[in-house]
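Here's the structure, in structure tokens; my notes come after.
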Amino acid sequence: MKKLLVVLLFTSFALKATQPEIFNYTTDDYVGHSINYSVTEDSTGIMYIANAYSVLEFDGINWRRIPVSNGQSPSCFAKNKEGKIFLGSFGDIGYLEKDALGVTKFISLKSKITESNKKIGVVYQVAFY
């Protein structure tokens with residue numbers, strides 16, 4: 001009986017240790033809109049959320065907002081083989097890049113599009129060809 005109790009105790013601790021902690025964040029926590037369209041993670045574990053009107057960057061402790069062109073909403077992400085994160089938004093397409101101080105910025109690629117195709121609607125998906 002004592003052996004069974006010891007085995008059950010250790011099994012209980014082992015099972016509890018394998019369950020991940022789950023955190024729920026509210027709009028008050030990340031100071032953003034309640035609508036989130038997409039999420040991705042970079043190679044260092046930083047999370048990026050396509051939130052209405054900005055990209056949210058979360059390092060596990062701090063939230064930061066990354067504005068997109070003209071305050072538009074980002075809608076989707078795609079990561080290339082090198083780990084560069086591209087995003088589509090309402091009226092623009094571009095990528096995220098860290099500046100010299102390590103602050104993430106949105107870099108628009110809209111200026112690279114020919115004049116006849118410059119009007120962009122909502123970008124729902126980014127794909128590589």
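The values are calculated or read from the model by the stated rules, or taken from the named source; none is laboratory data. Only a predicted model underlies this, so the values are computations on that prediction, with no experimental measurement involved. No Cβ is skipped: glycine too gets one built from the backbone with ideal geometry, and neighbour counts run over all protein chains shown. Each accessible area value is taken on the protein alone, full model and side chains, heavy atoms only, with ligands, DNA and RNA left out. Shrake-Rupley method; radii C 1.70, N 1.55, O 1.52, S 1.80 Å.
A few remarks follow.
- Candidate residues Ser111, Ser38: accessible-area rank, largest first, probe 1.4 Å: Ser111, Ser38
- Compactness of region 8-114 - radius of gyration and Dmax, Cα, Å: 17.1, 68
- Surface calculation, 1.4 Å probe, protein heavy atoms: Asp59 sits at approximately 80 Å² accessible.
- R0 of 25 Å, Cβ-Cβ distance Tyr53-Lys81: FRET efficiency to nearest 0.05: 0.25
- Estimated Rh, region 58-129: Kirkwood, alpha-carbon pairs, angstrom: 13.2
- Å² of accessible area per residue within region 50-95, as computed with a 1.4 Å probe and no ligands counted: 45
- Rolling a 1.4 angstrom probe over region 46-92 with all protein chains present gives an accessible area of which 52% lies on carbon and sulfur atoms.
- Only protein heavy atoms count here; on that basis, with a 1.4 Å probe, Thr114 has an accessible area of about 80 Å².
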